[in-house]
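The values are calculated or read from the model by the stated rules, or taken from the named source; none is laboratory data. Fair warning: this is a prediction, and the values are worked out from it, not measured in the lab. Here the Cβ positions follow ideal geometry from the backbone for every residue, glycine too, while neighbour counts run over all protein chains shown.
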C-alpha cells in the first residue's frame, strides 16, 4: 500500500455559528507523516477544525491547505482524506472485508484488487481471521479496527480521527490507541486526532495542541506541554494542578504555603503585595512528617504512584503525588510539612 503523508496548514481560520465563534483565527502546520492531536473541553473548536479540513464544514475566513494547495473550492470527496468517527458507521449487512472494500468499490477498483487490499488492511489491524464476519458479530473494539482499515483502504494522504475511542471501555481503548499509533508510524500517514482525553493525547501524539474557546493556546510535544505550559489554562487542563492562593513577594517571587518561590520563568506582570494564584503540579510537592502543621486526609492508590490529599487550611485539599513505596510512610491523620520544588510554580491572577 502506497500512502503519501501530506502537509496540512490552517491559516487564520475562523468559523462562527450564529453569535458563537467556534474557531478564532486558528492557525496550525502539520508536517508530512506527523501525528498531531487537538485536545480540549467540549465546545472548544477542535472538531470544527477537523470538519473544516475534511470539507464537511466551511470556514468563514482563512485558508486550509493540503500539500500547499488551497482546499476552499475542493469538495470533501475530492480531498483524499480518510476519517474515523466515534460511531463505527459500518454497514451491518456487510462482512468486515466488504466494509473495508466499500470505498474501493465506489472508486471502481476491480474485485480482485480490492479484496487483496482489504485483506492486507485487516491483517494490519489484527483482524485477518475475522474478515468474513458481519460487523454485528464483532466487538466494539473490532468494529473500530474495521473502520480504521476502511479509512486507510483508499490510500488517503491525511487521516482524521474524531474521538474514535470514546465509546470503548478503558482496557480496549488503551489497546486500540496503541494500535492506531503503531499503524500510523508504520505507514507514515499524516494524522489529526481529536479528543478530550488527556492520556490519549499525551500517549499517542508527536505534538498536542490545547484548545480553548476557539483558540489554540499551545501546540507542543507532550513533555513540553506538561512541564512547560505557556498559559494558565494549559497548566490547569493538562494533568492535575493545585490552584493555591499566593501573594506576590516581588515581581519575581511569590509567598505560597509559607514558602517563597522564584517564578521568574512563569511570571505575569505582578506587583509586591498583589494576590495571585499559584499553579502547582502534585509531583512538585514533597512531604515530611512533623509534630504539627497540615494533615493527611486521603490516600489514593494509583498503582506505582499514590495521590495524597493534604488539608492545609484552604477550601480544597492540596494533592501530592509520590511513589507508592514512599507513600507507605504516611497515614491519614498524620501531620506533615510541605515543600514545593522551586522551579515548578506558575502564577495566574486571582479571580
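Within the option set 141, 108, 126, 103, being out of contact with any helix residue (DSSP H, G or I) (no Cβ under 9 Å at 6 or more places or on another chain) and either surrounded by fewer than 20 Cβ atoms within 10 Å (Cβ to Cβ) or closer than 24 Å to residue 177 by Cβ (or both) holds for one residue only, 108. If you check 160, 138, 165 for being assigned by TED's automatic domain parsing to the domain that holds residue 47, over 20 Å from residue 55 (Cβ atoms) and in contact with a strand residue (DSSP E or B) (Cβ under 8 Å, 6 or more places away or on another chain), only one passes: 165. Do the conditions hold for residue 351, that is, is it surrounded by fewer than 13 Cβ atoms within 10 Å (Cβ to Cβ), modelled with pLDDT of 95 or more and at negative phi? Considered against the rule, which asks whether it is surrounded by fewer than 13 Cβ atoms within 10 Å (Cβ to Cβ), modelled with pLDDT of 95 or more and at negative phi, residue 351 comes out as no. Residues in the stretch 34-78 that are assigned to a loop (DSSP other than H, G, I, E, B), surrounded by 17 or more Cβ atoms within 10 Å (Cβ to Cβ) and in contact (Cβ under 8 Å) with a residue 60 or more places away in the chain: 4 in all. Here no strands (runs of 3 or more DSSP E) wholly within the stretch 111-214 include at least 2 residues being closer than 30 Å to residue 227 by Cα and over 22 Å from the mean Cα position of the chain (by Cα). The set of residues in the stretch 1-31 being at pLDDT below 95 and in a loop (DSSP other than H, G, I, E, B) consists of 1, 2, 3, 4, 5, 6, 18, 19. Mind listing just one residue for me: the one in the stretch 218-230 that is free of Cβ contacts under 8 Å to residues at least 24 places away in the same chain and outside any helix (DSSP H, G or I) and, of those, nearest to residue 25 (Cα to Cα)? Filtering first and then ranking leaves 218.
If only residues of the stretch 319-333 that are out of contact with any helix residue (DSSP H, G or I) (no Cβ under 8 Å at 6 or more places or on another chain) and buried (at least 17 other Cβ atoms within 10 Å of the Cβ) are counted, the one that is farthest from residue 282 (Cα to Cα) is 330.
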